[in-house]
Amino acid sequence: MPSATPLSPDLLYTRCDPAEFQFETTAELARLEEIIGQERAITAIQFGIGIQHEGFNLYALGPNGTGKFTAVSQFLHQISPHKPTPSDWCYINNFDDPHKPHALQLLAGTATIFRDEMRQLVTALRSTIPAVFTSDEYQAQQRAIEEEFNERQVQALDELRKTALEHQIALIRTPAGFAFAPLKDGEVIKPDEFIALPPEKQKSIEAQVNALQEALQRIMEQVPHWQRETQAKITQLNEKMARYAIAPLLAEIRQKYGENPGVLSYLDRVEADLIKNFGQFLDKGENPMATAVGLTSADIGQKSFTRYQVNVVVDNSSTSGAPVVYEDKPSYMNLIGRVEHVSQMGNLLTDFTLIKPGALHRANGGYLIVHARKLLTEPFAYEGLKQALRTKQIRIESLGQQFSLVSTVGLEPEPIPLQVKVVLLGERYLYYLLTAYDPDFVELFKVAADFGDEMLRNEANSLAYARLICGLAHKENLRHFHKTAVARIIEHSARLAGDAERLTTHMQSISDLLREADYWAGQQGHEVVTLADVNQALEAQVYRAGRIREQIQEAILRETILIDTQGARVGQINGLSVLSLGQNNSFGKPSRITARVRLGKGEVIDIERQVEMGGPIHSKGVLILSAFLAARYAAERPFALSATLVFEQSYSGVEGDSASSAELYALLSALANLPIKQSLAVTGSVNQHGEVQAIGGVNEKIEGFFDLCRARGLTGDQGVLIPQANVKHLMLREDVMQAVAAGQFHIYAVRTIDEGIALLTGVEAGEADDAGNYPAESVNGRVMARLEAFSKTQRAFSASPKEEADEKAVSAGGNDEPVTP
Amino acid sequence: MNQSPHKLLIRRILVALDGSPHSQAALEAAAHLAELLRAELMGVFVEDVNLLRLAELPFAQEVRRHTATIEKLEVRYLHRQLQRQAEQAQADLKRVANAHALSATFRVARGPVSAEVLAAALEADLLALGRISHAGPPRLGSTAKTAVAQTSRPVLLMRPGLPFAQPILLVYDGSPGAERALEVAAYLAGENGRLQVLLWAENAQQALAQEEAIRQSQQPKGLNLQFRRLTQPDVANFAYLVRLSGTGLMVLSDTNTRLPTAVVHTLLEELDHPILLVR
């Protein structure tokens, strides 16, 4: 059997040789400002943006800091100038129904011009209309109409008066009207004189008076009719005059927008409304009511002209090509737009000028970038966005309206057609959740741009990294980096990737490191960032984040947490776990794992699982190792073992199977009654065939145990067993490498449990002969013998005549100390 | 401003009140003038004797103005109406006089309206009245006609709806009467006021001479003068000119004038203008 030898120091750390670089500092390099190592995602973005079909919106998924936003926005800014610039949009008054303002589409850049022209129109009308209505021409015509009315009345009365006078009857005025009185000598006849007249004469006078009264009555009845006629004529005149004042001004605007039917029909409505309401331009009097509540007449005046205003919601006058909009706060209102209100005399009022655009308006005809998590945490925003994409229009609706929570009169602006490509940026899990639970999402976001966490580490990529560092340094206005510093950063990148053959694509961590290194270079007065500065930045990062790590180590050194780093114990081993405290702050921590065995029914009890402190993967690891144990050592006889496994002094949960090999070693040690060297620590999972498999966080785990050993003093015996498959991931700290080189610390790569147990116990594992028997003194032989002894004992108990007595005996045995051979 | 011009010595202004909008306008204008001239106001309300006689006739009826219905005219009802009108007239006078800080007297007369007004006017230096009484034809009413014809005092004929302080119109023909009217009009326009002069002349040369004369006499007062004249002076053209000149108070004289009677008649009777007739 091959026995594991310590790894040579050169396998522990894959250096990046600065000599490979053709430059001294990054100042000599061509800048690279694009994303590297994300070919798959970039291809997806190109496809997703290029394809012009419904629902082909993008979701860029990947961890934060991998450059999703940079990649997407860079690509969009590259292509957008070559796309057509979208139209401008305005909201204008709906003269038929002011609560439903119309949307008006205008050529890019003309909306503000149109708005200003309408404003000037109103200003111009405020002087031209009063001028027209105070003109001699108007006054004369108006007076003529009024005089015609008076003339008609006078004529009718005059004729009647004349007829009356012919019969010696006068038309005289009474306080409330008119009356006819018979005359005598030019005066109204005195009553006694009238009575003195002959009765026939009296009767004839009375009849005449009655006839005249009736005639007068008919005239009186005509008066309101004449009045209406006069009023109609004046209205007609007013309209004629107003049209005369308005038409030339509007014609000028019409001419400019001749090819836009929307504008033309709007201008027709404006003209009709202006003619109808020309009076508003004449009214200069103070409104006493308004003054009383503190409004100036200017306010009121302004208010009545707002309906001719143009509310520009999309102004592309300074946009060239398609707009690229990033909405940092994608709330419902920020996306869809909103209708604001103003408070006046305690009432909330609104009109079309208070319609405010959302990000969708601004991005219409172009691209909208939104962070998925922000979108999902804003109430109703995701639903609102989906609705807009599905209906392909932006309908501004307040949430209150949408959910019928308020019933006050609001605005219902006409929806604007929407054509936009939305790019969501977000974590992977959100993408998978959305695809699993939201059928709409799959339809609307058909393209996924998947950003990877790491890229291949090779010469070309190292150079690309160097150029990227150059680009970042330039963008962030940092010092340039010496090639040794670049090499160190690349090495650190591999460490972040947790793989000597890979580099991380988490550019945020790298750019943070660059900034920090630049800071330390500044502190040291360096002109370029050197290797020392990068190292200092890394050390500072570790130190700043080191409080808990140090506390744990201290607890171990003070023996609050019991971890042996020398000597040997049966059924006890040092396992290694990784604690992760936020991004880029994880460290290894040794844990004591113990195993005890006794006669039983063939079960390995995972105490963590019994108390529900172990995760499913951990439980799975324990079941695998017990399967291995049973199949290898008790394939053809009863597996009369009861074993318990526990992580000592673990007060929180345990998850992962990286300790399953350690657990198995502890169990084998307990069964074989062979002590395990406490100077070694173990990591690696195990399969049913006894092969040791790769685990994560190998660097942190090794360093965790190394730190403890160094603190107690390196003995030269100490070391860590790692799976062979993890060797390629090794990117260990400088001090670990030095200790290994000096022979003070060892790292063993093991392939199988047999290799491992031999190292740990110093006893050969033993190979089975053809009959399946192991050498008696080997570990395997001792385990076999122990298990055989258990099964014999069990058989002895089973032979007992009474079932009950047997049971009792077994349970009595259970209370004993672990059975030792 | 506080000195009355010697040619318009006015101490008392009589206002004929009948509750109509025209008489209301006359009251306002009279008060304005009274304040300017430091004169006092005299109000008179005449109970029309013809009306009272009519009411006593057995078949007396009236046609109501607004409803066009025919109603019996009863003596008691009429008395009550007249009394109420008189009270209203007195109240109006008091209100306006107070507003202008003037002293005012009021009395009620009974008899033929024109005669009573003329009789009352004997005690006053200027007679102010509405062009017509209750909403009738725009022509000059009978009382106003009588007043113009039968009194030698200046007469102020008002119509409602036009503020007194508009640019003053002066009809000028170069006669002594017109000179007097010019004095009055200039005084009413006040310092830096606007005065529109309508020139009545035989020919252009004469008109220019008149214009020059007025400029020379009035320019030093700082008046803003505007002249309008006709090349072909006749009644219809002149009436048109007046219509064009706005609606301010028109000042003219009908005594010692060169204006043809037809022109004076048209100005007084046909045009619905507030007029101050200077005598």
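Observations, loosely collected:
- Top-ranked residue of the range A:572-615 - restricted to ones that are touching a residue at least 12 places away in the same chain (Cβ under 8 Å) and assigned to a helix (DSSP H, G or I), ranked as farthest from the chain's Cα centre (by Cα): A:Ile607
- Figure legend. Inter-residue proximity from the range A:124-148: first residues facing chain B (nearest Cβ under 10 Å), second residues open to solvent by less than 60 Å² (accessible area, probe 1.4 Å), beta-carbon distance below 6 Å, spacing 6+ or different chains. Indicated pairs: A:Asp136/B:Leu244.
- Count of the range A:349-362 residues which are within 21 Å of A:Lys83 (Cβ to Cβ), touching a residue at least 40 places away in the same chain (Cβ under 8 Å) and among the aliphatic types (A, V, I, L, M): 1
- Residues that are surrounded by fewer than 23 Cβ atoms within 10 Å (Cβ to Cβ) and β-branched (Val, Ile, Thr) were ranked within the range A:161-180; the one that is nearest to the other protein chains (Cβ to nearest Cβ) is A:Ile172.
- Subset of the range B:4-48 [of a type in the set (Val, Ile, Thr) and either in a loop (DSSP other than H, G, I, E, B) or in contact with an Asp or Glu (Cβ under 8 Å, 6 or more places away or on another chain) (or both)]: B:Ile10, B:Ile13, B:Val44, B:Val46
- If the condition is being open to solvent by less than 70 Å² (accessible area, probe 1.4 Å) and either closer than 22 Å to A:Ala662 by Cα or of a type in the set (D, E, K, R) (or both), then the range A:761-773 contributes A:Thr761, A:Gly762, A:Val763, A:Ala765, A:Gly766.
- Of all the listed residues (A:Thr391, A:Thr484, A:Thr435), the sole one being out of contact with any helix residue (DSSP H, G or I) (no Cβ under 9 Å at 6 or more places or on another chain) and not charged (D, E, K, R) is A:Thr391.
- Unmet requirement for A:Gln202, which otherwise passes all of (1) within 9 Å of another protein chain (Cβ to nearest Cβ); (2) surrounded by 15 or more Cβ atoms within 10 Å (Cβ to Cβ); (3) out of contact with any helix residue (DSSP H, G or I) (no Cβ under 6 Å at 6 or more places or on another chain); (4) closer than 23 Å to B:Pro21 by Cβ: (4)
- Pairs, first more than 7 Å from chain B (Cβ to nearest Cβ) and open to solvent by 20 Å² or more (accessible area, probe 1.4 Å) in the range A:183-194, second among the aliphatic types (A, V, I, L, M) and part of a strand (DSSP E or B), C-beta under 7 Å, six or more apart: A:Leu183/A:Ile169; A:Leu183/A:Ala170
- Subset of the range A:630-646 [touching a helix residue (DSSP H, G or I) at 6+ places or on another chain (Cβ under 7 Å) and open to solvent by less than 20 Å² (accessible area, probe 1.4 Å)]: A:Tyr633, A:Ala634, A:Ala640, A:Leu641, A:Ala643, A:Leu645
- So B:Pro176, is it at pLDDT 85 or above and in the same structural domain as B:Ala236 (by TED's automatic domain parsing): yes
- In the range A:300-343, the residue that is modelled with the lowest pLDDT out of those that are outside any strand (DSSP E or B) and of a type in the set (Asp, Glu) is A:Glu340.
- Residues located in the range B:247-270, provided they are surrounded by fewer than 18 Cβ atoms within 10 Å (Cβ to Cβ) and either within 14 Å of chain A (Cβ to nearest Cβ) or in contact with a helix residue (DSSP H, G or I) (Cβ under 8 Å, 6 or more places away or on another chain) (or both): B:Thr255, B:Asn256, B:Arg258, B:Pro260, B:Ala262, B:Thr266, B:Glu269, B:Glu270
- Only one of the listed residues (A:Gln566, A:Gln572, A:Gln583) is open to solvent by 40 Å² or more (accessible area, probe 1.4 Å), over 30 Å from A:Ser493 (Cα atoms) and outside the structural domain of A:Ala487 (by TED's automatic domain parsing). That residue is A:Gln566.
So that you can scan it fast, the table gives a plain yes or no per residue for (1) farther than 17 Å from A:Val122 by Cα; (2) assigned to a helix (DSSP H, G or I); (3) within 14 Å of another protein chain (Cβ to nearest Cβ); (4) modelled with pLDDT of 90 or more:
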| site | (1), (2), (3), (4) |
| --- | --- |
| A:Pro224 | yes, yes, yes, no |
| A:Lys233 | yes, yes, no, yes |
| A:Gly258 | yes, no, no, no |
| A:Lys284 | no, no, no, no |
| A:Ala298 | no, yes, no, no |
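- Options A:Gly365, A:Gly346; residue that is on the phi > 0 side of the Ramachandran plot, without any contact (Cβ under 8 Å) to a residue 24 or more places away in the chain and open to solvent by 10 Å² or more (accessible area, probe 1.4 Å): A:Gly346
- Residue in the range B:36-58 that is exposed (fewer than 15 other Cβ atoms within 10 Å of the Cβ) and within 30 Å of A:Ile205 (Cβ to Cβ) present: yes
- Residues of the range A:523-539 that are under 36 Å from the mean Cα position of the chain (by Cα) and open to solvent by 20 Å² or more (accessible area, probe 1.4 Å): A:Asn535, A:Gln536, A:Glu539.
- Consider the range B:50-62 and keep the residues that are under 29 Å from the mean Cα position of the chain (by Cα) and within 8 Å of chain A (Cβ to nearest Cβ). The one that is farthest from A:Glu187 (Cα to Cα) is B:Leu51.
- Test: residue in the range B:201-223 that is in a loop (DSSP other than H, G, I, E, B) and open to solvent by 50 Å² or more (accessible area, probe 1.4 Å): yes
- Residue ID - most open to solvent (accessible area, probe 1.4 Å), chosen from residues in the range B:63-76 that are of a type outside the set (A, V, I, L, M, F, W, C) and more than 7 Å from every other protein chain (Cβ to nearest Cβ): B:Arg76
- Residue pairs meeting the criteria (Cβ under 7 Å; at least 6 apart or on separate chains; first farther than 19 Å from A:Asp518 by Cβ, in the range A:13-27; second among the hydroxyl-bearing types (Ser, Thr, Tyr)): A:Cys16/A:Ser462
- From the list B:Gln226, B:Gln166, B:Gln196, the lone residue that is outside any helix (DSSP H, G or I), within 23 Å of B:Ala128 (Cβ to Cβ) and modelled with pLDDT of 80 or more is B:Gln196.
The values are calculated or read from the model by the stated rules, or taken from the named source; none is laboratory data. Just so it is clear, the structure is predicted and the values come from calculations on it, not from any experiment. Ideal geometry is used to build each Cβ from the backbone, glycine not excepted, and the neighbour counts take in all protein chains shown. When the accessible area is computed, the model is the full protein with side chains, heavy atoms only, and any ligands, DNA or RNA have been set aside. Shrake-Rupley method; radii C 1.70, N 1.55, O 1.52, S 1.80 Å.
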